[in-house]
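J.: Take a look at the following structure, please.
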Amino acid sequence: MTWPFPPPIETMETKVSEKWPKGSFAYEPKWDGFRAVVWSNPDGRIDSRNQRPLLRYFPELAPAIAQLPEGTVVDAEIVVVIDDETSFDTLQLRLHPAASRVEKLSGEIPAQLVAFDLLADRGEDLRALPFHERRVRLEQLLAELDEPWSLTPSTTDEALAKRWFDEFEPTGCDGIIAKPLDQAYIHGKRAVIKIKHRRTVDCVVGGYRIHKDGDKIGSLLLGLYNDDGELHFIGHCSGFQDADRVEMLAQFEALKSDESFGEEARAPGGESRWSTGKDLSWVPIVPGVVIEISYDQLEGYRFRHATRFHRWRPDKDATDCTMDQLERPDGLGFSDMIAHG
């Protein structure tokens with residue numbers, strides 16, 4: 001028996017919202033990992049969102065593939081769990097080009113699979129079925145599987161989903177996914193909704209990067225003061241109009257300095273294997289300019305994604321912009337979340 005459609009495939013994607021949708025939806029946690037389409041043996045494979053092979057980086061997941069009945073395809077997320085929390089930074093370490101390093105890391109920081117959709121079951125193509133039927137089939141399949149498989153929690157109760165929105169965040173949940181109950185699996189389309197957290201914080205501008213055009217600001221590099229009084233690089237902000245970028249460059253050029261972020265604190269990095277050749281050089285400025293931004297997710301002591309500019313804060317002293325502004329809510333761990341599945 002083989003799969004009812006050939007690999008690789010385009011995955012169904014999300015569109016971001018800060019509002020809860022109206023209608024009949026299933027709500028699930030948005031996992032902070034690598035998207036993975038898992039194909040059963042005899043030619044088992046794991047493909048990324050970009051249709052690239054992932055199994056070579058995660059050889060410890062081969063037994064998970066072996067558990068699947070032939071002709072089965074599962075849409076899932078690869079996660080690494082440290083101290084009962086998902087860790088995206090640790091997960092990124094697993095994408096290493098050296099086979100010896102891959103083998104070592106697979107034993108030290110093994111990955112897990114969290115299943116959230118079933119596209120084929122024992123040779124039957126399920127993609128045209130409504131999601132609520134695919135979910136039932138997924139639950140039946142996961143009841144037959146062992147670690148490293150887990151089933152993502154799902155509920156049609158919006159009130160419960162809103163509780164999850166807060167309770168699941170501390171373990172690395174990147175928001176809540178809302179899936180229309182009657183929707184088929186739509187390849188390559190933003191057909192489901194991701195509801196994300198959004199919080200504001202006042203940050204100090206510690207430097208800037210030049211735009212690729214060369215005559216304007218590309219992004220501002222943001223910092224917060226740590227307990228040692230050093231400015232710690234926490235992320236960047238780049239959502240400005242072109243006309244504003246030109247004026248900002250002139251203003252920040254006047255504030256150039258030899259240093260800004262603390263010597264013992266985190267500072268902006270240069271080019272790495274993740275930056276795909278981009279110029280990540282930056283210019284330090286005298287810390288003093290404060291801006292209010294909003295962010296959606298923290299990863300350790302940095303913003304996971306680019307922040308959104310809200311306003312300049314000339315009324316706020318830079319030294320008041322400290323780490324204790326960051327909200328780190330208490331809630332459930334990974335194992336508690338999975339227990340809801």
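Laboratory data are not the source of any read-out in this text; all were calculated from the coordinates shown. Predicted model only: the values in this text are computed from it and were never measured. Cβ coordinates were reconstructed from backbone atoms using ideal geometry, including for glycine residues, and neighbour counts include every protein chain displayed.
J.: If you rank Lys30, Lys104, Lys19 by fewest surrounding Cβ atoms within 10 Å, what's the result? Display every interim value, and only then the final one.
T.: On the way: Lys30 22, Lys104 12, Lys19 7.
Placing the least packed residue first, the sequence is Lys19, Lys104, Lys30.
J.: Rounded to the nearest whole Å³, what is the per residue volume of the convex hull around the Cα atoms of region 13-197? Show your work: numbers first, answer last.
T.: Numbers: hull volume 21.2 nm³, N = 185.
So the per-residue hull volume is 115 Å³.
J.: On to the next question. What's the angle, to the nearest 10 degrees (0 to 90), between helix 131-142's Cα axis and the longest principal axis of the chain?
T.: For 131-142 against the chain, the angle is about 70 degrees.
J.: Please compute the Cα-Cα pair-distance distribution of the chain with 10 Å bins starting at 0, giving whole percents from short to long.
T.: Whole-percent P(r) values from 0 Å outward: 5, 22, 28, 23, 15, 5, 1.
J.: Restricting to DSSP loop positions (anything but H, G, I, E, B) with no more than 10 other Cβ atoms inside 10 Å of their own Cβ, which trypsin sites (Lys or Arg not before Pro) remain in region 140-239?
T.: Numbers: sites: Lys162, Arg163, Lys189, Arg190, Lys194, Lys196, Arg198, Arg199, Arg209, Lys212, Lys216; in loops: Lys189, Lys196, Arg198, Lys212, Lys216.
Passing both the DSSP loop test and the Cβ count: Lys212.
J.: Please express the Cα-Cα pair-distance distribution P(r) of region 199-325 as a list of whole percents, one per 10 Å bin, running from 0 to the bin with the greatest distance.
T.: The percentages, shortest bin first, are 13, 48, 34, 5.
J.: Run down the lysines and flag those whose C-alpha is under 22 Å from the C-alpha of Lys212, throwing out any fewer than 8 positions away in its chain.
T.: In chain and number order, the partners are Lys256, Lys278.
J.: Based on the Cα gyration tensor of region 14-119, what are the three equivalent ellipsoid semi-axes, each the root of five times an eigenvalue, rounded to whole Å and given largest first? Write out the running numbers ahead of the final one.
T.: Numbers: eigenvalues 130, 70, 27 Å².
Those come to 26, 19, 12 Å.
J.: What's the center-to-center distance, using Cα atoms, between region 219-267 and region 13-30 in Å?
T.: Centre-to-centre distance over Cα atoms comes out at 34 Å.
J.: Tell me, what is the percent relative contact order of region 13-197, built from C-alpha pairs under 8 Å that lie six or more residues apart? Please report the intermediate quantities before stating the final value.
T.: On the way: 369 pairs, mean separation 63.2, N = 185.
So the answer I get is 34 percent.
J.: For the chain, set up a GNM with springs between Cα atoms under 10 Å and report which of Gly239, Gly269, Gly71 has the largest fluctuation.
T.: Of Gly239, Gly269, Gly71, the Gaussian network model singles out Gly269 as fluctuating most.
J.: If you build a Gaussian network model of the chain, linking Cα atoms that sit under 10 Å apart, which residue out of Asp244, Asp174, Asp75 swings the most?
T.: In this elastic network of the chain, the residue with the biggest mean-square fluctuation among Asp244, Asp174, Asp75 is Asp244.
J.: What is the calculated FRET efficiency for Asp125 to Arg311, with r their C-beta to C-beta distance and R₀ = 51 Å, to the nearest 0.05?
T.: Numbers: r = 51 Å, r/R0 = 1.01.
Computed FRET efficiency for Asp125 and Arg311: 0.50.
J.: Is the shape of region 158-245 rounded, prolate or oblate, going by the alpha carbon gyration tensor and its root eigenvalues a ≥ b ≥ c, with a/c under 1.5 for rounded and a/b larger than b/c for prolate?
T.: Details: a/c = 3.65, a/b = 1.56, b/c = 2.34.
Note, shape of region 158-245 comes out oblate.
J.: Another question about this same structure. Go ahead and estimate [θ] at 222 nm for the chain from helices alone: -39,500 (n - 2.57) per DSSP H run with n ≥ 4, summed, over the residue count, rounded to 500.
T.: -5000 deg cm²/dmol
J.: Sorted from fewest to most neighbouring beta carbons within 10 Å, what does the list Met1, Met12 look like?
T.: Details: Met1 11, Met12 21.
Least to most surrounded, the residues fall as Met1, Met12.
J.: Based on other C-beta atoms within 10 Å, arrange Ser87, Ser260, Ser281 from fewest to most.
T.: On the way: Ser87 20, Ser260 24, Ser281 10.
Fewest-to-most ranking of Ser87, Ser260, Ser281: Ser281, Ser87, Ser260.
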